[in-house]
Every structure is written in structure tokens, then in C-alpha cells.
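The values are calculated or read from the model by the stated rules, or taken from the named source; none is laboratory data. As the structure is a computational prediction, the values presented were derived from the model and not from experiment. Cβ: placed from backbone, ideal geometry, glycine included. Neighbour counts: every protein chain shown.
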Amino acid sequence: MAYDDTGSGRPVVLIHGVSMSRRFFERNAAPLAERFRVVNVDLRGHGESPAHEGGHTVAQYARDVKHLLGALGLDDAVVAGWSMGSFVVWDLIRQFGTDGLAGHVVVSQGPSD
């Protein structure tokens with residue numbers, strides 16, 4: 001999973017929408033990194049992350065994010081999803097609960113979906 005890891009402080013993980021990449025958050029990541037540790041990810045099959053056979057579902061993207069949180073030791077992270085990234089955040093919480101998360105941010109995605 002390709003990602004950028006900048007700044008220091010409370011981790012903020014940025015998760016893009018469908019058919020996008022971490023470049024979507026480029027203009028947000030630098031200012032956020034002045035106060036936070038910002039991890040900006042490319043979900044599998046997006047941007048610089050390779051595609052994987054049989055693994056392109058929101059549930060799998062959520063498992064990938066959970067693995068990344070653990071691998072990078074991101075305790076008390078805030079996860080922010082834009083569009084489909086919000087589905088990934090909701091599924092992360094559905095599968096794993098909120099332990100280890102300080103909060104979540106939903107950008108441009110209605111809860112009715």
C-alpha cells in the first residue's frame with residue numbers, strides 16, 4: 001500500500017474516494033502536517049498501490065487500512081474519508097470497532113448510502 005507519512009503528533013489518516021489517489025489530499029496534507037502526523041494512502045488498485053486479485057471491496061480496503069494502522073503504530077488516529085473513503089472508514093469501524101481511533105471525519109458522503 002503506497003502512502004506518504006509526514007509531520008508529527010496525533011496521526012491523521014486520509015482516505016480518498018473511488019478512482020482517485022492520495023493526490024486528492026495533497027493540498028490538505030502539508031498544512032495538516034504542521035500540527036499532526038499525516039498518513040495519506042493509496043488504496044489497493046489506486047494511485048501507486050498495486051491491484052490484488054479478489055480484493056477490491058470496501059471491506060478489504062478497511063482491512064488494509066487496519067493493517068496499515070497497526071504496521072505504523074498509529075494509536076489514537078483520526079481517520080478521514082472522502083466519498084468512498086467514508087465507506088472505508090465506516091467499514092473499518094464496523095469490522096474492528098473504535099479501539100485505537102480518536103475519531104473519524106466524513107467528507108462529502110451522505111449517511112444514507
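Which is modelled with pLDDT under 95, of a type in the set (S, T, N, Q) and at negative phi, of T6, T57? I'd like the intermediate steps shown before the answer.
Numbers: T6 fails: modelled with pLDDT under 95.
The conditions single out T57.
Considering only residues of the range 74-102 that are small (G, A, S) and farther than 20 Å from R22 by Cβ, which is modelled with the lowest pLDDT? Quick ask: steps written out before the conclusion?
Of the range 74-102, the ones small (G, A, S) are 77, 80-81, 83, 85-86, 97, 100, 102.
From the residues that got through so far, the ones that are farther than 20 Å from R22 by Cβ too are 97, 100, 102.
Details: G97: 96, G100: 91, A102: 97.
So, considering only residues that are small (G, A, S) and farther than 20 Å from R22 by Cβ, the one modelled with the lowest pLDDT is G100.
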